[in-house]
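Presented below is the structure to which this report refers.
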Amino acid sequence: MPTDYLFTSESVTEGHPDKMADQVSDAVLDAVLAQDRHGRVACEALLKTGFVCVAGEITTTATVDFSELTRNVVKRIGYTNSDIGFDGGSCAVLIAVDKQSPDIARGVDAKGSKEQGAGDQGMMFGFACDETPELMPLPIHLAHRLCRRLAEVRHKGAVDFLRPDGKSQVTVQYENGRPVRVDAVVLSTQHSPEVSQKTLHAFVMDEVVKKVIPARLLDKKTKYFTNPTGRFVVGGPMGDTGLTGRKIIVDTYGGMGRHGGGAFSGKDPSKVDRSGAYMARYIAKNVVAAGLARRCEVQLAYAIGVAEPVSVMVDTFGAGLKPEAEISRAVRHCFGLRPAEIIEQLDLLRPIYGKTAAYGHFGRNEKEFTWERTDRAEALAAATGRRTRGVNLRAV
């Protein structure tokens, strides 16, 4: 990888149709786990003008009103009137839910046992770097913060012309492999038809961009694009179809680091697409926090119905302070990697997933995000014979 380059990541708001679908799917998961810790959930959502379809395989003792749950999610996001393109109170909700395949259940249903098998085959990646205090890449960190700020001012009613749908994109310039400045900011927000573009641009710059991106990262050469098409009135499911699992790069590291291809939302933690990716992030973050590397990527891979991972890989991009094989051995020593062990270590059988469905699954400080802890850093350092010195970070 070159040392001097531009890198771009994007995020979307909670009102983006794909993210609406993710939030519906994770609301269903939370509702099941609130009543049945061992419920099996694989839930997808599809949104288009005037309707939401909730489909999937769910095996549970819980009783869930899927229609009411879905409407509540849509209304909480802000789609409460057909005048803005979607109304959670009046939209149709279609339900197509069956039970989990018994062929899958055979290898997964060893509840409470360390021999509980993985819910599917696949590989998962986790990533961490020392560019931000959250140990996340700077481009996706800033892109998420822009979208969260956009939603925050809308919910507070700071102005009356913002609507729920929106996207951000941040391009960061790197020199010698380190972020030095923001080169470009793209921010698109759905809006009322009456507002002028001049008013909209001024508000977005003053109350969103300048409130989020530190001034030291901006300069006279930074480029700004606000609603670059010139108009964004039609948005949400009216403007684009929404599907669960279509924003997997937004959900993870903004393209910096590899992705195994599995989506997260709507899947209970027996599905290693989700729990394995959370564990891989947990490991990578602790490797960086232990001072063993400035960048770390972890790959885990599983076979369906088999408890032990088929492979564990640690990549420090040639800049680790210890050999990667040694770090890998320390990882196997310090972390339990069977699905049941992952679930126990990260306390995943709780209704915590609604918060993950917008603004990224990683780099978050909320207490529910147990995979963001760095409580294994000292153990990792000790296992490699290194004294923990922590990570030298500039506040971003």
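Here are the numbers for the structure shown:
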read-out	value
Rounded accessible area per residue of the stretch 215-351, 1.4 Å, Å²	38 Å²
DSSP beta bridge pairing in the stretch 150-233, given as percent antiparallel to the nearest 5	75 percent
Label-point separation, ILE249 to GLU308 (7 Å along Cα→Cβ), nm	3.7 nm
Per-peptide average of other Cβ atoms within 10 Å, ordering 218-230, 82-94, 136-148 highest first	136-148, 82-94, 218-230
Square roots of five times the Cα gyration tensor eigenvalues for the stretch 296-394, Å	24, 20, 13
Antiparallel bridge percentage (DSSP; both residues within the chain; nearest 5)	80 percent
Accessible surface of the stretch 269-387, 1.4 Å probe, proportion on carbon and sulfur as whole %	49 percent
VAL97-ASP347 pseudo-label distance in nm [points 7 Å out on the Cα-to-Cβ vector]	2.7 nm
The chain: calculated mean residue ellipticity at 222 nm from DSSP helix runs of at least 4, using -39500 (n - 2.57)	-9000 deg cm²/dmol
Hz values of 3J(HN,Hα) by residue in the stretch 212-217 - Karplus curve (6.51, -1.76, 1.60), Gly and Pro given as x	9, 8, x, 4, 5, 8
For the chain, Kirkwood radius (reciprocal of mean inverse C-alpha pair distance, Å)	21.8 Å
Relative packing of 118-128, 373-383, which averages over residues the other C-beta atoms within 10 Å, highest first	118-128, 373-383
Percent accessible area from carbon and sulfur atoms, the stretch 22-72, protein chains only, probe 1.4 Å	53 percent
Among 332-341, 166-175, the order from most to least packed when residues are scored by Cβ within 10 Å on average	166-175, 332-341
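The values are calculated or read from the model by the stated rules, or taken from the named source; none is laboratory data. Being a predicted model, the structure only gives us computed values, none of them experimental. Methodologically, a virtual Cβ is constructed for each residue, glycine included, from the backbone with ideal geometry; neighbour enumeration extends over all protein chains shown. Note: areas computed on protein heavy atoms with side chains; ligands, DNA, RNA excluded. Shrake-Rupley method; radii C 1.70, N 1.55, O 1.52, S 1.80 Å.
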